[in-house]
Amino acid sequence: MEITKDKAITQLDNFANVNQLLVAESPKAINVCDFTGRFHGRTVVDNINLEISDGSITAIVGPSGCGKSTFLRSINRMNDRISGWSRQGSIELYGEQVYANDVELLSLRRRVGMVFQRPNPFPMSIEENIACGVRAHRLAPRSHMKDIVRARLEEVGLWKAVSGRLKESPFQLSGGQQQLLCLARALAVQPEVLLLDEPTSSLDPISTQAVEELLKEFVPELTIVIVTHNLAQAKRIADNVAFFMNGSLVEFGSCEQIFDSPKEPETAKYVSGIFG
Ligand SMILES: Nc1ncnc2c1ncn2[C@@H]1O[C@H](COP(=O)(O)OP(=O)(O)O)[C@@H](O)[C@H]1O
Ligand SMILES: [Mg+2]
């Protein structure tokens with residue numbers, strides 16, 4: 001069949017429209033609706049509504065004690081077993097309810113990985129730190145494990161430093177190297193979302209830069225939510241910024257908007273360093 005020029009143009013137009021539709025409807029990685037969290041009845045996360053788009057880096061900033069960590073930990077249900085914890089509202093991960101009764105915590109935490117403030121390698125060899133999750137979730141046959149360990153360590157820039165000591169304890173590594181190992185461990189199970197709670201606050205500036213650069217490389221394949229008290233860090237790496245105060249989300253917007261033209265007076269004060 002011969003395609004006329006007009007027909008070809010119409011087809012191209014249709015194609016462009018479909019593409020626009022796909023962009024407009026890009027999925028929300030995380031959708032938080034009226035989410036409230038309490039410890040022993042005291043509200044620490046107060047009616048949060050927030051949408052985090054797929055493949056973005058979102059920084060959560062705000063004064064100490066305002067509920068950033070508690071909110072972050074709510075996303076992969078890390079608060080569930082803390083005594084006195086209760087919650088209301090919903091959090092969806094790619095359209096699925098995180099708090100549905102039939103959600104398996106192990107598989108939720110594979111999909112939503114976490115890196116903490118203090119590096120917390122497992123008390124096992126460097127190699128096992130990477131391999132254990134891959135094995136537990138049956139993500140690869142045993143015969144591939146060596147290659148996977150190497151690939152993950154290369155990805156975070158640790159391979160050269162540790163290739164000769166894979167069977168040794170990770171606690172001999174520097175703090176920065178331990179944190180990179182934790183990052184590699186989190187990535188080894190192929191999460192869709194990575195939560196990071198002040199991941200560089202115990203690191204020196206060079207290790208901090210290494211972690212920041214890595215995070216930027218992981219998007220848009222990964223969606224990242226990072227709590228940081230370092231506003232310069234948020235500026236360097238975030239697409240969007242959520243400003244929390246006293247458990248509430250005061251303002252959410254693009255990094256540029258939050259830092260250059262905040263709408264709320266509290267945000268303006270915070271980003272200009274008047275309090276915090
Ligand atoms: N396990 C817990 N039990 C009781 N209260 C807690 C617990 N964890 C945090 N909190 C309280 O919740 C509030 C928010 O804490 P957190 O989320 O750690 O704040 P941020 O990360 O912003 O510094 C604080 O008042 C803190 O004391
Ligand atoms: Mg915290």
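The values are calculated or read from the model by the stated rules, or taken from the named source; none is laboratory data. Worth saying up front: this structure is predicted, and the values here are computed from it rather than measured. Using ideal geometry, Cβ is built from the backbone for each residue, glycine included, and neighbour counts are taken over all protein chains shown. Each accessible area value is taken on the protein alone, full model and side chains, heavy atoms only, with ligands, DNA and RNA left out. Shrake-Rupley method; radii C 1.70, N 1.55, O 1.52, S 1.80 Å.
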| field | Cα-based reach from K269 at 15 Å (exclusive), listing aspartates and glutamates while leaving out same-chain residues under 8 positions away | value | E251, D260
| Excluding ligands, DNA and RNA, what is the solvent-accessible area per residue of the chain at a probe of 1.4 Å, expressed in Å²? | 52 Å²
| Measuring from centroid to centroid over Cα atoms, what is the spacing of region 135-176 and region 61-123 in Å? | 26 Å
| query | How many percent of the accessible area of the chain is carbon or sulfur, using a 1.4 Å probe? | reply | 49 percent
| Of the cross-linked pairs K68/K160; K68/K263; K68/K216, which ones have a Cα-Cα span greater than 30 Å in the structure shown? | K68/K160
| note | For the chain, whose charge dipole is built from +1 on Lys and Arg Cβ atoms and -1 on Asp and Glu Cβ atoms, the candidate among H144, S261, A210 with its Cα farthest towards the positive end is H144
| query | Looking at region 134-204, what % of the alpha carbon pairs are farther apart than 21 Å? | reply | 28 percent
| said: I'd like the projected area of the chain, averaged over all directions, using the convex hull of its alpha carbons. Report it in nm² with one decimal. | reply: 20.1 nm²
| query | K146: which aspartates and glutamates have alpha carbons under 13 Å from its alpha carbon, excluding same-chain residues fewer than 8 sequence positions away? | reply | E127, E128, E154
| Which of the peptides 124-134, 67-77 is most tightly packed, and how do the rest follow, going by the mean number of other Cβ atoms within 10 Å of each residue? | 67-77, 124-134
| task | Give the percent of DSSP beta bridges with both residues in the chain that are antiparallel, rounded to the nearest 5. | result | 60 percent
